[in-house]
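K.L.:
So that we are looking at the same thing, I have put the structure below in C-alpha cells.
The values are calculated or read from the model by the stated rules, or taken from the named source; none is laboratory data. Given the structure is predicted, the values throughout are model-derived calculations rather than measurements. Here the Cβ is made from the backbone with ideal geometry for all residues, glycine too, and neighbour counts use every protein chain on show.
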Amino acid sequence: MNSFQTHRTIDAIWRMESAKLIAGLTRMVRDVGLAEDLAQDALVIALERWPETGIPDNPGAWLMTTAKRRAIDFMRRNKLRDQKYVEVAHTTDLYTEDDLALTLDGEIGDDLLRLIFMTCHPVLSQDARVALTLRLLCGLTTDEIARSFLAAESTVAQRIVRAKRTLSAEKVPFEVPAGEELKDRMSPVLEVIYLMFNEGYSATSGEHWIRPLLCQEALRLGRILAEIAPDEPEVHGLVALMEIQASRLKTRVNASGEPVLLMDQNRAKWDQLLIRRGLAALERSRKLGQPLGPYSLQAAISACHAQASSEAETDWIRIAALYEALARKAPSLIVELNRAVAISMAFGPSFGLQIVDELNTEPSLTGYHLLPSVRGDLLAKLGRYDEARTEFERAASMTRNTRERELLLQRATECGLGTSQ
C-alpha cells in the first residue's frame, strides 16, 4: 500500500472511530473540547507512524490506547496527580487490541449516548448543538458544516468553539439524565441521532454515498433510547424511521459503489427483518395514543415504500397526504420539496414543478443541491431536456459528494441525448 492509499485508509478509519474516541476521552477528562484535541493528537501520531509501520489489525483500539496515554500525560503535566488522577487510574484501563469487541459494543457505546446528551444541553442554542454534533459525532469538517448551514465557515467555526467553551465553563455533566429532565432533553437528542443517521444514509461529502456504520450507530443509540423512554412516542417513531430506511442500505449503491435511486432498487433485497422491526416500532408509537409527531409521520411515509412491491404499486396519494400532515406539524422548505416530489408522483410532474418553482425563489435554498436536482428530474419527465440538463449540471456543481456528482452529471448527459430515467 503506497503512502497515498495509506492516508486515504487512515481518513476512512478516522471517520469511523473519531466519535467513539471523543466520547471515551470525554468520560476521562470531562471536557469535550480537550477530548477532541486529544483525539486529534492520536490521529497525528497515526499519520506519522502508520505509513512506516503499517495499519494495525485493530486501528480503533490503537487510536484509543494512544489517545488515553496522551490524556494521562496531559493530566500529569498539569499537576493533576491529586484525587482526580487517582480516580482515573482506578477506573480507566488502557485499551489493548484484544479489547476491540468490548470497545465497540460496551462502555464506548454508552459514552456516545452520554456525549449526545452533553452536547444537547439547553445551555447551547439549537444551531450550536447541531454544529457540534456534525463536528464530533459525524466527523464533518467545518467547511462541510458551513455548507449545510448555508453560512460562512468562520461563523460556524466560532459557533463550535463557543459551544465547547460553554460546556466546559458550565460544567455540563457527562451523563444520561433521568426523570423529567430526560423527557425535557429528549427532543434535541432525537434531532442529533436523526442527523447522525442522515449523514450515514446520504453522506455530505467524500467518495462514498453512504456511511453504513454511522447509520448502524445511530440506530443502536435510538434502540437504547426506546428502552430508556418507552412511553415517548417520537422515540419509537424515530427508531421506526431508521429501521425502515436502513433496510434499503445494501441496495442504495451497486457493486461499484455508484448510487442507485429508489425507483431502481431491487426491493426483493430490502432487509425484511429491519422492515418488520420498523413497522413494529411505528405501531408502538401509535399505541401510545398521541397524534403522530414528525418522526412518526416520516416513518409512516417510509412504511408506504416498504410495503409496496414496486414503485408503480406505491400509494403516492397517501404519501402526499402524509407530507401535507408533516408540513403542518413541522413546516420547513425541505419538507415542502419532498412534498413536491410526492405530489408529482401522485398527480403528475407539472403539479410538482409548480411547487418547486415557488421554492426556487427562496434565498435559503440557493446553495441546496437537491432543489435543482428535483427540478431537473421533473423537467426531464415533462420532456424539457435542455432545461433539465442545466438543472442537473447546476446540482452537480453544488454537491460535495463525489458519487452524487457523478450521478447528476450522468443524468445531465442523458438529458443531452433526449432520454429520461
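K.L.:
With respect to L134, is the statement that it is modelled with pLDDT under 85 and either within 30 Å of S205 (Cβ to Cβ) or acidic (D, E) (or both) true?
P.N.:
Against the criterion (modelled with pLDDT under 85 and either within 30 Å of S205 (Cβ to Cβ) or acidic (D, E) (or both)), L134 qualifies.
K.L.:
What helices (runs of 4 or more DSSP H) completely inside region 336-421 contain at least 1 residues that are more than 16 Å from P259 (Cα to Cα), at pLDDT 95 or above and out of contact with any Phe, Trp or Tyr (no Cβ under 9 Å at 6 or more places or on another chain)?
P.N.:
349-359, 370-381, 385-398
K.L.:
State the number of residues belonging to region 323-366 that are under 21 Å from the mean Cα position of the chain (by Cα) and crowded, with 21+ Cβ neighbours inside 10 Å.
P.N.:
2
K.L.:
With the condition kept exactly as written, say whether any residue in region 189-212 is aromatic (F, W, Y), surrounded by fewer than 20 Cβ atoms within 10 Å (Cβ to Cβ) and in a helix (DSSP H, G or I).
P.N.:
Yes, there is a match, as at least one residue in region 189-212 is aromatic (F, W, Y), surrounded by fewer than 20 Cβ atoms within 10 Å (Cβ to Cβ) and in a helix (DSSP H, G or I).
K.L.:
Among the numbered conditions (1) modelled with pLDDT under 85; (2) more than 14 Å from the chain's Cα centre (by Cα), tell me where T141 comes up short.
P.N.:
It fails just one condition, (2).
K.L.:
A further question follows. Does E313 fit the bill of being among the acidic types (D, E), at pLDDT below 95 and under 22 Å from the mean Cα position of the chain (by Cα)?
P.N.:
No, not satisfied.
K.L.:
Out of (1) in contact with a Cys (Cβ under 6 Å, 6 or more places away or on another chain); (2) surrounded by fewer than 23 Cβ atoms within 10 Å (Cβ to Cβ), what's the single condition that is false for E180?
P.N.:
That leaves (1) as the condition not met.
K.L.:
If a residue must be part of a loop (DSSP other than H, G, I, E, B) and not hydrophobic (A, V, I, L, M, F, W, C), how many such residues does region 126-171 contain?
P.N.:
Total satisfying the criteria: 4.
K.L.:
Tell me, which residue of region 234-273 that is among the charged types (D, E, K, R) and surrounded by 12 or more Cβ atoms within 10 Å (Cβ to Cβ) is nearest to the chain's Cα centre (by Cα)?
P.N.:
Per the stated criteria, the residue is E243.
K.L.:
Residues that are among the aliphatic types (A, V, I, L, M) and modelled with pLDDT of 85 or more: find the helices (runs of 4 or more DSSP H) completely inside region 1-92 holding 2 or more of those.
P.N.:
3-29, 32-53, 59-77
K.L.:
Can you run down the residue pairs with Cβ atoms below 7 Å, 6 or more apart or on separate chains, where the first is in region 43-58 and within 17 Å of E17 (Cβ to Cβ) and the partner is charged (D, E, K, R)?
P.N.:
That search, which allows pairs on different chains as well, returns P56/E97; D57/E97; N58/E97.
K.L.:
Can you tell which of G222, G289, G257 is under 26 Å from E180 (Cα atoms), at pLDDT below 95 and not in a helix (DSSP H, G or I)?
P.N.:
Checking each option against the conditions leaves just G289.
K.L.:
Does E313 qualify as being under 21 Å from L378 (Cα atoms), of a type outside the set (A, V, I, L, M, F, W, C) and outside any helix (DSSP H, G or I)?
P.N.:
yes
K.L.:
Pull up region 122-151, narrow it to residues that are β-branched (V, I, T) and in contact with a Leu (Cβ under 8 Å, 6 or more places away or on another chain), then point me to the one that is surrounded by the most Cβ atoms within 10 Å (Cβ to Cβ).
P.N.:
Ranking the qualifying residues of region 122-151, first place goes to T133.
K.L.:
For a quick check of your reading of the model, give me the residue pairs whose first member lies in region 265-278 and is assigned to a loop (DSSP other than H, G, I, E, B), whose second is at pLDDT 95 or above and small (G, A, S), with beta-carbon atoms closer than 9 Å and at least 6 apart or on different chains.
P.N.:
Close Cβ pairs (under 9 Å, with a partner that is at pLDDT 95 or above and small (G, A, S)) amount to W270/S247; W270/A306; D271/A246; D271/S247.
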